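Read through the structure below, which is laid out as structure tokens, and then see the notes.
The values are calculated or read from the model by the stated rules, or taken from the named source; none is laboratory data. Keep in mind that this is a model prediction, so the values were computed, not measured. Cβ atoms come from the backbone with ideal geometry, glycine included; neighbour counts cover every protein chain shown. Please note that ligands, DNA and RNA were not included when accessible areas were found on the heavy atoms of the full protein model with its side chains. Shrake-Rupley method; radii C 1.70, N 1.55, O 1.52, S 1.80 Å.
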Amino acid sequence: MMNQMFEMSYFAAPITNKVPLKTLTLMEVARAIKTPWLALQTAELRKITDKAEARRFKGSHFPYITPAGVFSYCNDQSLVKHSGVLCMDLDDIEDVNGIKQRLIADELFTTLMAFRSPSGNGLKWFLKIDLTRCDHRQWFDAVRSYLMSMYGLTGKQADSSVRNESRACFLCYDPEVYVNPGMTV
């Protein structure tokens, strides 16, 4: 049973907003993803075929969190407290549900949460990390290498641009969000 809160900052849209609105626990984030309050924006985004237009739409219509922790401002120098969470952003996945199930079952890492990305063709994979063993970026590099070697993901699919602690993770609607059953509410 995990009784850790895994707290992170929540930011209202647009992405240019760098001052957090509040702090959420991972369970609160999961509940927000599961409820349909972002269903219309998610459906609209998934209809957009132009990548640049989709990126603009996502940046202006979706709230975001900083999974790595609580921040006073959204930049790496403003980390108040690390959450003990690493969020891997997997893009352009052919079988999103298949990869999701394989990652949940992976015995090397503890999956805390996993949900389909706003675009619909990717996955946000939240895992627990032990910062006494190495720092956030070392964890990121190791997990990314592991995903590429064990799961056959390419460097493009295991997005390296989300390596830094203050990286935004957009929320969206996914009624099938996975939450580790060992987490307490």
Handout entry: Leading residue by the ranking (surrounded by the most Cβ atoms within 10 Å (Cβ to Cβ)) among those in the stretch 66-86 that are within 15 Å of Leu112 (Cα to Cα) and among the hydrophobic types (A, V, I, L, M, F, W, C)
Key = Ala68
Problem - Where a residue in the stretch 151-163 is small (Gly, Ala, Ser) and its partner, wherever it lies, is assigned to a loop (DSSP other than H, G, I, E, B), with Cβ under 9 Å and at least six apart - result: Ala158/Asp91; Ser161/Arg167
Practice task
Check the stretch 98-105 and report whether any residue there is among the polar types (S, T, N, Q) and either open to solvent by 40 Å² or more (accessible area, probe 1.4 Å) or within 25 Å of Gln41 (Cα to Cα) (or both).
Solution key: yes
Completion exercise
In the stretch 14-53, residues that are part of a helix (DSSP H, G or I), among the β-branched types (Val, Ile, Thr) and either farther than 23 Å from Gly182 by Cα or without any contact (Cβ under 8 Å) to a residue 24 or more places away in the chain (or both) total 1
Practice task
Quick one: count up the residues across the stretch 124-134 that are under 15 Å from Pro67 (Cα atoms), part of a loop (DSSP other than H, G, I, E, B) and of a type in the set (A, V, I, L, M, F, W, C).
Solution key: 2
Exercise for the section: Give the residue, chosen from Thr23, Thr16, Thr42, Thr35, that is under 16 Å from Asp174 (Cβ atoms) and open to solvent by 30 Å² or more (accessible area, probe 1.4 Å). Expected result: Thr35
Exercise for the section: Being of a type in the set (D, E, K, R), touching a Leu at 6+ places or on another chain (Cβ under 7 Å) and at pLDDT 95 or above narrows it down to one of Arg116, Arg55, Arg31, Arg102, so name that one. Expected result: Arg116
Exercise for the section: Please find, within the stretch 1-13, the residue that is least open to solvent (accessible area, probe 1.4 Å) out of those that are touching a helix residue (DSSP H, G or I) at 6+ places or on another chain (Cβ under 9 Å) and either within 16 Å of Pro118 (Cβ to Cβ) or assigned to a loop (DSSP other than H, G, I, E, B) (or both). Expected result: Phe6
Exercise for the section: Within the stretch 139-152, identify whether any single residue is in a helix (DSSP H, G or I), open to solvent by less than 70 Å² (accessible area, probe 1.4 Å), more than 24 Å from Lys18 (Cα to Cα) and among the β-branched types (Val, Ile, Thr), and answer yes or no. Expected result: yes
Practice task
Check off (1) loosely packed, with under 13 Cβ neighbours inside 10 Å; (2) at pLDDT below 95 for Asp91 and give me the number that stays unchecked.
Solution key: (1)
Fill in the blank from the handout: Taking the stretch 106-116 and keeping only residues that are open to solvent by 10 Å² or more (accessible area, probe 1.4 Å), within 18 Å of Lys128 (Cβ to Cβ) and not acidic (Asp, Glu), one is left with Leu108, Phe109, Thr110
Practice task
Consider Lys128 carefully, then state whether it is open to solvent by 20 Å² or more (accessible area, probe 1.4 Å), within 28 Å of Lys22 (Cα to Cα), within 14 Å of the chain's Cα centre (by Cα) and modelled with pLDDT of 95 or more.
Solution key: yes
